[in-house]
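To start, the structure itself, in structure tokens.
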Amino acid sequence: MQTSFTLAQLADPQTAEAEKILRACVHCGFCTATCPTYVLLGDELDSPRGRIYLIKDMLEHDRPGTAEVVKHVDRCLSCLSCMTTCPSGVHYMHLVDHARDHIEKTYKRPLADRLIRDLLARVLPDPALFRWAAVAGLVGKPFAPALKAIGLKRLAAMLSLTPSHVPAPPSDRSRKVYPAEGERRGRVALLAGCINPVLAPSTNEAAIRVLNRHGIEVVIAEGDGCCGSLVHHMGREAQAMTQAKHLIDAWMVEIDGEGLDAILMTVSGCGTVVKDYGFLLRTDSAYAEKAKAVSRLAKDVSEYLYTLELTPTGTAKPLAVAYHSACSLQHGQKIVGAPKELLCKLNFIVKDVPEGHLCCGSAGTYNILQPSLADRLRDRKVANIERLEPDVVAAGNIGCITQIAAGTSIPVVHTVELIDWATGGPVPEGLRDLAAKQRVAAVAGKGSEA
């Protein structure tokens, strides 16, 4: 793609990177076939190619974001399916992130939009505030359909996504060390994060158990918190980088102390951004090298477990598992085979979900900010899952788990919970009812044989 940026514009590192990305695009349109919003809407401007043209025009002419540009950029899920499809290697992720930053700085959103974005950016990264919001959401959850009917779709979406149980209390942010069982074979840091400790503390608990069981010491660094991914995808770069630097500082204490073999994430959306810290902070003289060091160590939990010798104990049942490959894992981190191979080795029957490349509609805050499109994508995903008639759905991202669970009665659990169960851990909380039914059925079967 031909560009016409001035030399003065190209002196800015962000603009120079955007120009390089734009020039890589050859207008082929392969991305349209795998873009969820284009598949739903059929509008060229709601495809990566269309958005690239809008972003190019906005940046080249140094224009503020307009309502039209903002509408189509906001509709992008950042699922990165286009990057998997693109034959030219267009780094769309960095381009759309830069566009969001530009929009945030130059476009004044309507008041209601500003208020909900401010609320999300304040509450979600703070586990204590988020827990209070989730408790309040429990009270309001029954009113979600009524709110949706009168047009308050975003508020209805927030309430609908509220879990049906009292969330876990926020843990303190002091340093915690979980020693390896037997001989120590490795040492890793685990990101506790912001959403997971409140919505699904069982995920990190399962990860710690399976790692400890296989000789890996786990540390949660003092001051561990939000990685910045949620606000980064909202264009709030200053807040995102502040959170990223805080986390880097916490991990560098461990790296410079006893050392780390890896930094693990159980939320693939976080992992994609942490692996990109080296790029995001490349121009920050105080953090560039530290950010690179952290990015080199960052791994998804399934990616790391794949390097260990895991042995099934026979405690888990050979359930049929519909594996949902989170976009941030398959497109953002290019991790496709490892989680499925782990589950197969542990005697689960793994089924690929049809249209597995399409997003479920979660995408960070997307299912709140774009509820209509998110619901359509969720319903499409759930229909494809239910066609497989699985016993359970496995996914590696809390956003996907929450989104899919809101649309089906099939249990949805984190992949690492199944791995933990199969290697000697407890039955995942979401499967306890299913396991009880299986025990009853087994007893009944033996009785009929007698």
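Across the range 2-23, what is the number of residues that are part of a helix (DSSP H, G or I) and open to solvent by 30 Å² or more (accessible area, probe 1.4 Å)?
Number satisfying all stated conditions: 11.
Filter the range 27-52 for residues that are modelled with pLDDT under 95 and among the aromatic types (Phe, Trp, Tyr) and give the result.
The answer is Phe30, and nothing else.
Identify the single condition in (1) more than 25 Å from Arg236 (Cα to Cα); (2) out of contact with any strand residue (DSSP E or B) (no Cβ under 8 Å at 6 or more places or on another chain); (3) open to solvent by 70 Å² or more (accessible area, probe 1.4 Å) that Pro167 does not satisfy, given that it satisfies every other one.
(3)
Among (1) within 24 Å of the chain's Cα centre (by Cα); (2) assigned to a helix (DSSP H, G or I); (3) not small (Gly, Ala, Ser), which single condition is Leu45 missing?
It fails just one condition, (1).
Of everything in the range 241-260, what is touching a helix residue (DSSP H, G or I) at 6+ places or on another chain (Cβ under 7 Å) and open to solvent by less than 20 Å² (accessible area, probe 1.4 Å)? Give them in sequence order.
Those that are touching a helix residue (DSSP H, G or I) at 6+ places or on another chain (Cβ under 7 Å) and open to solvent by less than 20 Å² (accessible area, probe 1.4 Å): Ala244, Ile248, Trp251.
Can you tell me which residues in the range 66-83 are farther than 18 Å from Thr365 by Cβ and touching a Ser or Thr at 6+ places or on another chain (Cβ under 9 Å)?
Ser81, Cys82
So, in the range 413-430, exactly how many residues are free of Cβ contacts under 8 Å to residues at least 24 places away in the same chain and crowded, with 23+ Cβ neighbours inside 10 Å?
Adding up the residues that qualify gives 1.
Using beta carbons and a limit of 7 Å, which pairs, at least six apart or on different chains, have the first residue in the range 15-32 and more than 14 Å from Leu54 (Cα to Cα) and of a type in the set (Val, Ile, Thr) and the second one open to solvent by 60 Å² or more (accessible area, probe 1.4 Å) and part of a helix (DSSP H, G or I)?
Qualifying pairs under 7 Å: Thr32/Tyr38.
Are any residues in the range 292-324 surrounded by fewer than 24 Cβ atoms within 10 Å (Cβ to Cβ) and within 14 Å of the chain's Cα centre (by Cα), and if so, which ones?
Within the range 292-324, Lys299 is the sole residue that qualifies.
For the range 325-337, give me each residue that is assigned to a helix (DSSP H, G or I), touching a helix residue (DSSP H, G or I) at 6+ places or on another chain (Cβ under 6 Å) and either open to solvent by 50 Å² or more (accessible area, probe 1.4 Å) or farther than 24 Å from Glu429 by Cβ (or both).
Residues satisfying the conditions are His331, Gly332.
Could you list all residues from the range 376-397 that are within 30 Å of Gly314 (Cα to Cα) and either modelled with pLDDT under 95 or basic (Lys, Arg) (or both)?
Arg387
Select from the range 266-291 the residues that are of a type in the set (Ser, Thr, Tyr) and in a helix (DSSP H, G or I) and write down the one among them that is surrounded by the most Cβ atoms within 10 Å (Cβ to Cβ).
Taking the candidates together, the pick is Ser268.
Which numbered condition trips up Ile263, out of (1) surrounded by 24 or more Cβ atoms within 10 Å (Cβ to Cβ); (2) more than 25 Å from Glu217 (Cα to Cα)?
In the conditions (1) surrounded by 24 or more Cβ atoms within 10 Å (Cβ to Cβ); (2) more than 25 Å from Glu217 (Cα to Cα), Ile263 misses (2) alone.
Filter the range 24-48 for residues that are acidic (Asp, Glu) and under 19 Å from Met83 (Cβ atoms); which is least open to solvent (accessible area, probe 1.4 Å)?
Filtering the range 24-48 for residues that are acidic (Asp, Glu) and under 19 Å from Met83 (Cβ atoms), the one least open to solvent (accessible area, probe 1.4 Å) comes out as Asp46.
The values are calculated or read from the model by the stated rules, or taken from the named source; none is laboratory data. Fair warning: this is a prediction, and the values are worked out from it, not measured in the lab. Ideal geometry is used to build each Cβ from the backbone, glycine not excepted, and the neighbour counts take in all protein chains shown. Side chains included, ligands, DNA and RNA excluded: accessible areas come from the protein's heavy atoms. Shrake-Rupley method; radii C 1.70, N 1.55, O 1.52, S 1.80 Å.
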